[in-house]
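Here the structure is laid out as structure tokens; the discussion comes afterwards.
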Amino acid sequence: MNDNLPPHAPDNHAPDNIVPDPCAGLTAIHAQIASAAREAGRDPAEVTLIAVSKTHPAAAVQQLLHCGQRTFGENRVQEAAQKFPPLQAAWPDLRLHLIGPLQTNKLREAVALFDRIDSLDRPRVADALEQTAQSTGRLPRLLIQVNIGDEPQKSGVTRAGADLFIRQCRQRFGANLAGLMCIPPQGQDPTPYFRDLTAMAHHHGLATISMGMSGDFISAIKMGATEIRVGSALFGQRN
Ligand SMILES: *Cc1c(COP(=O)(O)O)cnc(C)c1O
């Protein structure tokens, strides 16, 4: 009766023991994006999916590339530097975002590797970015990360400091400053935080609003996200 099973097939046939088809997973997320957008009266095409591949191997990224996914997020410069250059060479339209904190000593490498830095959050890094851009002729597009819950352990510019920092970065980086990013506090309804980030972006005329992860992207889309960052719902749980 079990002759058709591959060797080492699990005895338990529950659906969550089946390794998911990566393209099916991607299609499912796109369907959820589309329905959340329509419910909010928005065009689903306004929402870009960033596949967060941190801790997952290059082979997993490649599978999603074959399914049509092109935008990826990594939170550590070193890890991305080991994984992405061959993929970038093979897929010229791949777009890579840095979504984790940026240290000034990694900045040169980050500027060379990433198409966008989504975690700009303090003047020291802005200074270093400007210097690096002047010496290398390369400036990625940028998002400012706002610590929308004013949590001491989280990176991001404080809510009180956001207005000034956004205006300074706008002056310095012009149209390369594309928008705002946030990670709301865990274990609370993220809706008011998402709403506040959208209001802040609109107030400054910034078009890109990156918010919402595997657990809360539906709410983020309803509150105005133009980009969502999804890891575990696409790649499975991280170790
Ligand atoms: C890891 C990470 C994500 C993705 O989280 P999931 O819950 O796995 O979807 C999104 N944004 C940032 C900044 C992250 O570090």
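First measure r as the distance between the Cβ atoms of ARG70 and ASP150, then evaluate 1/(1 + (r/R0)^6) with R0 = 35 Å and state the FRET efficiency to the nearest 0.05.
FRET efficiency, ARG70 to ASP150: 0.55.
Enumerate the lysines that LYS106 could reach by cross-link, defined here as Cα to Cα under 28 Å, with residues fewer than 8 away along the same chain left out.
Of all the lysines, those that pass the test against LYS106 - Cα under 28 Å, at least 8 places apart if same chain - are LYS54, LYS83, LYS154.
Compute the convex hull volume of the Cα atoms of the range 59-191, divide it by the residue count, and report the result per residue in Å³ as a whole number.
Convex hull volume per residue, Cα atoms: 136 Å³.
If I measure Cβ to Cβ between cysteines in the chain, which ones have no partner under 4.7 Å?
CYS169, CYS182
As an exercise, find the ratio Rg/Rh for the chain from alpha-carbon atoms, using the Kirkwood inverse-distance average for Rh.
1.01
Take peptides 36-46, 192-202 and line them up by average Cβ neighbours within 10 Å, highest first, as a rough protection proxy.
192-202, 36-46
For the range 140-239, what log10 I(q)/I(0) values come out of the Debye formula at q = 0.11, 0.13, 0.18 1/Å, with one point per alpha carbon and no solvent?
For the requested q values the scattering log ratios are -0.32, -0.44, -0.82.
Taking all protein chains in place and a 1.4 Å probe, what share, in percent, of the accessible surface of the chain do carbon and sulfur account for?
51
How high is the relative contact order of the range 32-101, in percent, counting Cα pairs under 8 Å that sit 6 or more residues apart?
29
Compute the distribution of all C-alpha to C-alpha distances in the range 88-162, in bins of 10 Å from 0, and list the percent of pairs in each, rounded to whole numbers.
19, 48, 26, 6, 0
To the nearest 0.05, what FRET efficiency results for SER214 and GLN78 with a Förster distance of 30 Å applied to their C-beta separation?
FRET efficiency, SER214 to GLN78: 0.80.
The values are calculated or read from the model by the stated rules, or taken from the named source; none is laboratory data. Every value quoted in this text rests on a predicted model; they were computed, and no experiment measured them. We place every Cβ from the backbone using ideal geometry, glycine too, and count neighbours over all the protein chains shown. Just the protein is used for accessible areas: all its heavy atoms, side chains included, with ligands, DNA and RNA removed. Shrake-Rupley method; radii C 1.70, N 1.55, O 1.52, S 1.80 Å.
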